[in-house]
Amino acid sequence: MVRDFGVAKSPKDIAFYAGLLFTSFSVCQTLMVMHWGRLSDRIGRKPVLMLGLVGNLISSVLLGTSKTFKAAIIARSFNGLMAGNVVVVKTMVAEISDNTNRPRMMAMTPLMWNLGSVAGSAVGGLFADPVNQYPRWFGNSVIFK
């Protein structure tokens with residue numbers, strides 16, 4: 001994706017710009033964690049979690065349809081801003097569990113996150129450059145060109 005944006009002058013630069021793309025997510029997520037926690041205390045856990053999930057959906061679509069590196073940075077940063085609600089998930093797990101099942105439930109949270117990351121990456125890889133990989137399905141698509 002970074003290579004296709006044309007910002008990298010050499011293969012070494014691709015790694016640098018990819019690092020910037022991933023760092024923008026982490027920085028924005030770190031900045032928002034405390035704010036998501038406070039908001040969930042005020043309006044409730046479920047609304048905050050749903051807002052974060054909708055934001056994740058929107059930012060993923062924006063990243064996938066980005067045509068420039070700047071658009072990708074904005075989408076990835078927005079994703080980080082909306083992903084700060086990971087603390088809300090941990091709080092919800094702690095609130096709905098007791099001493100008999102809390103360790104198992106706390107272990108399941110990162111397990112599910114990692115499974116989703118692997119499955120999401122696989123699906124994303126399958127649909128990378130859909131116009132060229134699947135011209136019969138996406139060849140005439142205005143969105144994916």
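In the structure displayed, which of 9/67; 67/90; 70/90; 9/70 lie more than 24 Å apart, Cα to Cα? Don't jump to the answer; show the numbers that get you there.
Working: 9/67 17 Å; 67/90 35 Å; 70/90 32 Å; 9/70 16 Å.
Where the Cα-Cα span goes over 24 Å, the pairs concerned are 67/90; 70/90.
Have a look at 53, 63, 81 and tell me which one the Gaussian network model of the chain (Cα, springs below 10 Å) gives the largest fluctuation.
Result for the chain, Cα springs under 10 Å: 53 fluctuates most.
When the helices in the chain are scored as -39500 (n - 2.57) per DSSP H run of 4 or longer and the sum is shared across all residues, what 222 nm value do you end up with, to the nearest 500 deg cm²/dmol? Don't skip to the end; give the middle numbers.
Numbers: 8 runs with 115 residues, N = 145.
The per-residue figure over the chain is -25500 deg cm²/dmol.
Take the alpha-carbon centre of the stretch 1-40, take the same for the stretch 93-140, and report the distance between them in whole Å.
The two parts, judged by their Cα centres, are 19 Å apart.
Taken together, the values in this text are just the output of simple stated rules run on the coordinates, not laboratory data. This one's a predicted model, so the numbers in the text were calculated from it and none came from an experiment.
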